[in-house]
Amino acid sequence: MNIRTFQPSPASLPATLAGDGSPASLTAALDMAQIQLGAIQSVSSHAYGRMILDVQATGMDLTQEATRDKWHNQFLRPQWERADVILTRLVQYQDQLEHLPAILPAWSAAIGRLEHLVAQVGNLMLELERRTDEIFDAEVDRRRAAGLPFCGGEDAE
Amino acid sequence: MTVHAFPVHLGTVPPLPCPLPGDASPADLLAVLEVAHRELRAMRARARSIEANIAREIQSGQVRLDCEHTRADWFDERVAPLLETGIYAPAWEESLRTYVLVFYNLPDLVPAWAGPVAKLKSFLAEYRALRRSLEATLIDPVFDAELSRRRAGGQPRHG
């Protein structure tokens, strides 16, 4: 089994927001988060493609959980962990800033963008969690339709 | 006992702004605190004015000084209403609660707010100390001082 691994750069966002304390301080961190999220999405898309190709090219048992876990951990888990680092920090920002617009309305737009990013990262993590199963299940369906073996070398029914 | 209004106008405390005016930077909080500090100084002046008026009136010799009821009446009927409007500032309480909720931990995430939030904390401490001290000090010390003065002068304790 030839599993290719991806070694992306680690994700990180600052624990404190630099700048003059205006909404621009948050905006700068959100710009950084947006770039890192884009990188994770890009690497993830690449990983999906590579996983599909590798799954199609090998004669592994596609129904075994351990096989799926192994491939998930190699291809998608690193991206999930990077996204989790970003999400954790964004939620920390959210916890500390969520009341600010009540007294400083000019922060509303930046905090709205923060909430949107939290949702985006959360959705990406959900996608990463289910994508391995989707790819494996699709390959099982494809082999079954083509009358190819999909279960550790056994012929499909 | 007949209770008369104080012959001074003590004024009322204007509310603190909520939301804050400005561009949502730390300078906005500093500007509000500057105004609030001026108001706090005015509150102290009002408290001194209340105290002076109590002293003037009891020195007129018409007030019984050694009766707890007299003191309680004075406080309830003369001092408390003035404190409510001129010093306790219920309008401040609500906005200060919001300030605390929003700003107290903000410097942990945005260090640029550390200075203004430290000033907010110091302001709150001053304001609360003033509130705490007033009830305890406005009546008894003034009455006790007058009582001592009368004792020393061989005057009666009540009119």
* Structure fact -> If B:Leu130, A:Leu128, B:Leu109, B:Leu101 are placed from fewest to most neighbouring beta carbons inside 10 Å, the sequence is B:Leu101, B:Leu130, B:Leu109, A:Leu128
* Can you put A:Ile111, A:Ile135, A:Ile35, A:Ile52 in order, fewest other beta carbons within 10 Å first? -> A:Ile35, A:Ile52, A:Ile111, A:Ile135
* To do: Within a 10 angstrom radius of each residue's Cβ in B:23-29, how many Cβ atoms of other chains show up on average? Whole number is fine.
  => 6
* For the protein assembly as shown, build the charge dipole from Cβ charges (+1 Lys, Arg; -1 Asp, Glu) around the Cα centre, then report which of A:Val43, B:Val142, A:Leu90 sits farthest towards its positive end. => B:Val142
* Structure fact -> Placing +1 on each Lys and Arg Cβ and -1 on each Asp and Glu Cβ in the protein assembly as shown, then taking the dipole about the Cα centre, the residue among B:Leu124, B:Tyr104, A:Ala15 whose Cα reaches farthest towards the positive end is B:Leu124
* Net lengthening on full extension, B:Arg56/B:Ser133 (0.36 nm per residue, minus Cα-Cα) -> 25.6 nm
* Backbone HN-Hα couplings from phi across the range B:17-30 [Karplus 6.51/-1.76/1.60, Hz, Gly and Pro as x] -> x, 7, x, 7, x, x, 9, 6, 9, x, 4, 5, 5, 4
* To do: Please give the calculated 222 nm ellipticity per residue for chain A, where each DSSP H segment of at least 4 residues contributes -39500 (n - 2.57) and the sum is spread over every residue; nearest 500 deg cm²/dmol?
  => -24500 deg cm²/dmol
* Asked: If each residue's Cβ is checked for other Cβ atoms within 10 Å, how do A:Phe75, A:Phe150 rank with the fewest at the top?
  -> A:Phe150, A:Phe75
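Every read-out reported here was derived from the displayed coordinates using simple, explicitly stated rules and does not represent laboratory data. Computed from a predicted model, the values in this text were never measured in an experiment. In this analysis, Cβ positions are derived from the backbone assuming ideal geometry, glycine residues included, and neighbour counts consider all displayed protein chains.
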